[in-house]
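Visitor: Structure incoming, see below.
The values are calculated or read from the model by the stated rules, or taken from the named source; none is laboratory data. Given the structure is predicted, the values throughout are model-derived calculations rather than measurements. Glycine also receives a Cβ, built like all others from the backbone with ideal geometry; neighbour counts cover every protein chain displayed. Each accessible area value is taken on the protein alone, full model and side chains, heavy atoms only, with ligands, DNA and RNA left out. Shrake-Rupley method; radii C 1.70, N 1.55, O 1.52, S 1.80 Å.
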Amino acid sequence: MQVKRFRPKIDKLYRILLTVTNALCLPLLFIPTLFSPVTLFITLPLFVFVNYFFVSPLFGYVELRETELFIKYGFFLKKTIPYAKIRSAEKERKFYCESMMALKNALEHVNIKYNTYDVTTVSVEDNDAFIEELCRRTAAGKRLQAL
């Protein structure tokens with residue numbers, strides 16, 4: 001089997017949040033520095049920290065490899081899940097997700113349950129094609145298709 005890569009889906013709401021956050025934070029970053037340049041040491045790291053969580057998921061992706069599912073959550077975080085460990089994959093539509101580790105930029109996402117209690121969430125451009133391809137590659141494909 002060949003490696004198949006899925007790009008993240010980015011909702012309009014996510015783009016609006018990114019734009020509004022930057023529009024509000026940029027003036028707060030530079031206006032205080034006109035009066036006191038020392039404030040730049042506080043505001044700049046804070047701005048970079050907040051912006052990292054909005055921009056980083058745009059560089060993530062999901063790959064279906066030969067024997068494992070590979071998820072890149074952003075700039076630094078990566079995870080590999082062997083197909084034998086995957087228990088289920090469910091498509092959901094809600095604002096939040098159960099997973100702390102998530103590649104979630106859209107309301108529609110796929111919850112991937114693996115091992116006994118582990119869950120991760122991904123939002124890809126075509127969730128249905130992703131679940132279908134994941135079912136083909138996993139040993140539990142019949143069980144995944146039922147969900």
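Visitor: With every protein chain left in place and a probe of 1.4 Å, what is the accessible surface of SER36, to the nearest 10 Å²?
Guide: 40 Å²
Visitor: Still on this model: Given H placed 1.01 Å from N in the peptide plane, which residues other than close sequence neighbours of SER88 have an amide H under 5 Å from its amide H?
Guide: Counting only residues 5 or more places away or on other chains, the set is LYS113.
Visitor: Another question, then. With a 1.4 Å probe and all protein chains in place, put ILE31, ILE131 in order of accessible area, largest first.
Guide: Solvent-accessible surface, decreasing: ILE31, ILE131.
Visitor: Something else: How big is the chain by the Kirkwood estimate over distinct Cα pairs, in Å? Walk me through the numbers on the way to the answer.
Guide: Numbers: mean 1/r = 0.0595 Å⁻¹.
Hydrodynamic radius (Kirkwood, Cα pairs) of the chain is 16.8 Å.
Visitor: Whose amide H sits under 5 Å from the amide H of LEU69, counting only residues 5 or more places off or on another chain, with H placed in the peptide plane?
Guide: ILE81, TYR83
Visitor: Once fully extended, how much extra length lies between PHE30 and PHE75, figured as 0.36 nm per residue of separation less the alpha-carbon to alpha-carbon distance?
Guide: Working: separation 45, 0.36 × 45 = 16.20 nm, distance 2.62 nm.
So the extension gain works out to 13.6 nm.
Visitor: How large, in percent, is the carbon and sulfur part of the accessible surface of region 1-60 at a probe radius of 1.4 Å? All intermediate terms of the calculation are to be shown ahead of the outcome.
Guide: Numbers: 3510 of 4430 Å².
The C+S portion of the solvent-accessible surface of region 1-60 is 79 percent.
Visitor: Rounded to the nearest 10 Å², what accessible area does THR67 have for a 1.4 Å probe in the complete protein model?
Guide: 90 Å²
Visitor: Here's a follow-up. Per residue, how many Å² of accessible area does the chain show with a 1.4 Å probe?
Guide: Per residue, the chain has 62 Å² of solvent-accessible surface.
Visitor: Per the helix-only calculation at 222 nm, which mean residue ellipticity applies to the chain, given -39500 (n - 2.57) for every DSSP H run of n ≥ 4 and division by its residues, nearest 500 deg cm²/dmol? Let's see the in-between values first.
Guide: Working: 4 runs with 56 residues, N = 147.
That calculation yields -12500 deg cm²/dmol at 222 nm.
Visitor: Using a cut-off of under 17 Å, list every residue of region 2-20 whose amide N is near the label point 7 Å from the Cα of ARG93 along the Cα-to-beta-carbon line.
Guide: Backbone N within reach: 9-14.
Visitor: Using only protein heavy atoms and a 1.4 Å probe, report how much of GLU63 is accessible, in Å² to the nearest 10.
Guide: For GLU63, solvent-accessible area is about 20 Å².
Visitor: Set Lys and Arg Cβ to +1 and Asp and Glu Cβ to -1, take the dipole of region 1-111 about its Cα centre, and tell me which of PHE95, VAL20, PHE41 lies farthest positive.
Guide: Ranked along the dipole, the leading option is PHE95.
Visitor: Select from the chain the helices, each a whole stretch of DSSP H, whose alpha-carbon atoms run 27 Å or more along the helix axis and whose Kyte-Doolittle mean is at least 1.0; answer none if there are none.
Guide: Values: long enough: 12-35 (36 Å, 1.46).
In the chain, the long hydrophobic H runs are 12-35.
Visitor: Across region 65-76, in residue order, what do the Karplus-derived ³J(HN,Hα) couplings come to in whole Hz, using 6.51 cos²θ - 1.76 cosθ + 1.60 with θ = phi - 60° and x for Gly and Pro?
Guide: Result, rounded to whole Hz: 9, 4, 10, 8, 9, 10, 10, 10, 7, x, 6, 10.
Visitor: Sort ARG15, ARG137 by heavy-atom solvent-accessible area, probe 1.4 angstrom, most to least.
Guide: Values: ARG15 135, ARG137 25 Å².
Ranked from most to least accessible, the order is ARG15, ARG137.
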